[in-house]
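S.K.: Before anything else, here's the structure in question.
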Amino acid sequence: SEMCIRDRYQRRVHGIVRNQRLLLLNNMEVAKDETNKLTYVEYTTDSEIPAVKILMEKYLSEPYPIFTYRYFLVGWPKLCFITKKENNCIAAIVSKTAPHKKTGLLRGYIAMLAVETEYRRMGISKKLVQMTLDRMREQHVDECVLETEAVNEPALRLYESFGFIRDKMLPCYYLNGNDAYRLKLKLSPKQIINTMIFSCLLYTSPSPRDLSTSRMPSSA
């Protein structure tokens, strides 16, 4: 019924608002960690590429040539953030945007994220992801996607805390043979509302079995 759809829509809206409040609290906690002499900066010069490449090669599932880093960092410098301590790169996130070939939506893509082992559990990953998503919203990006190993539970928990959903399983996606999940997050208000409406219709629409067993009026 219309009232049922409205109630479910309101519950979903309240859930999104609650999650955003939790993210704000997390961001406040991360900001306090800046007293540990951590700075978050945008990519600015080619001299930063080697440090980012060395960091990523230590922790990513497969190696990438220097041209891949230049493609992202030079092409989308506003979407590449580096965390430094005493001018040393200890964490970085690399992203880009491009129109989706089929839908035409402006899609963001988080390509790489890594944090040095000794600086983990300090909220740095959350800070970097939040900065990236905020920048994408400023650029009117409709949705953001990424891939992560299916066995990487910490990464899955991190992204799902921002509202990413598991959109697709990609078997044997990485060179090491591991499967991957493609995660997706709707960013624009229009896309969020469309997702809510679709979900409500999905929950309230009759199943094919219900339609086949329902009694239809006779045409005679």
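S.K.: With each pseudo-label sitting 7 Å past Cα toward Cβ, what's the residue 101-residue 119 distance in nm, one decimal?
M.R.: The two pseudo-label positions are separated by 3.6 nm.
S.K.: Please sort 71-82, 161-172 by packing, taking for each peptide the average over its residues of neighbouring beta carbons within 10 angstrom, highest first. Could you put the intermediate results ahead of the total?
M.R.: On the way: 71-82: 18.9, 161-172: 14.1.
Descending packing order for the listed peptides: 71-82, 161-172.
S.K.: Next up: May I ask you to order 104-110, 53-59, 124-130 by the average number of other C-beta atoms within 10 Å around their residues, highest value first? Before the final figure, lay out the partial values.
M.R.: Values: 104-110: 18.3, 53-59: 15.0, 124-130: 21.3.
Packing proxy ranking, top to bottom: 124-130, 104-110, 53-59.
S.K.: Measure off, as a whole percent, the carbon and sulfur share of the 1.4 Å-probe accessible area of the range 85-124, all protein chains present. Present the calculation step by step, with values, prior to reporting the outcome.
M.R.: Values: 1020 of 2220 Å².
Solvent-exposed carbon and sulfur of the range 85-124 make up 46 percent of the total.
S.K.: Considering the options 141, 176, 151, tell which one lies farthest towards the positive end of the dipole of the range 76-183, charges being +1 on Lys and Arg and -1 on Asp and Glu at the Cβ, about the Cα centre.
M.R.: Positive-end residue among those listed: 141.
S.K.: For the range 78-150, give the magnitude of the charge dipole about the Cα centre (Cβ charges: +1 Lys/Arg, -1 Asp/Glu; no others), in debye to the nearest 20.
M.R.: On the way: 13 positive and 9 negative charges, 30 e Å.
Computed charge dipole of the range 78-150: roughly 140 debye.
S.K.: Based on the mean of other beta carbon atoms within 10 Å per residue, what is the order of 37-48, 149-160, most packed first? It would help to have the intermediate numbers written out before the result.
M.R.: Numbers: 37-48: 13.2, 149-160: 14.9.
Ranked from most to least packed, the peptides come out as 149-160, 37-48.
S.K.: If you don't mind, another one. Can you give me the Rg/Rh ratio for the range 81-185, using Cα atoms for both radii and the Kirkwood formula for Rh?
M.R.: 0.98
The values are calculated or read from the model by the stated rules, or taken from the named source; none is laboratory data. Treat the numbers as computed from the prediction; the structure is a model and nothing was measured. Positions of Cβ are generated from backbone atoms using ideal geometry, with glycine treated the same way; all protein chains shown enter the neighbour counts. Only protein heavy atoms, including side chains, enter the accessible area calculation; ligands, DNA and RNA are left aside. Shrake-Rupley method; radii C 1.70, N 1.55, O 1.52, S 1.80 Å.
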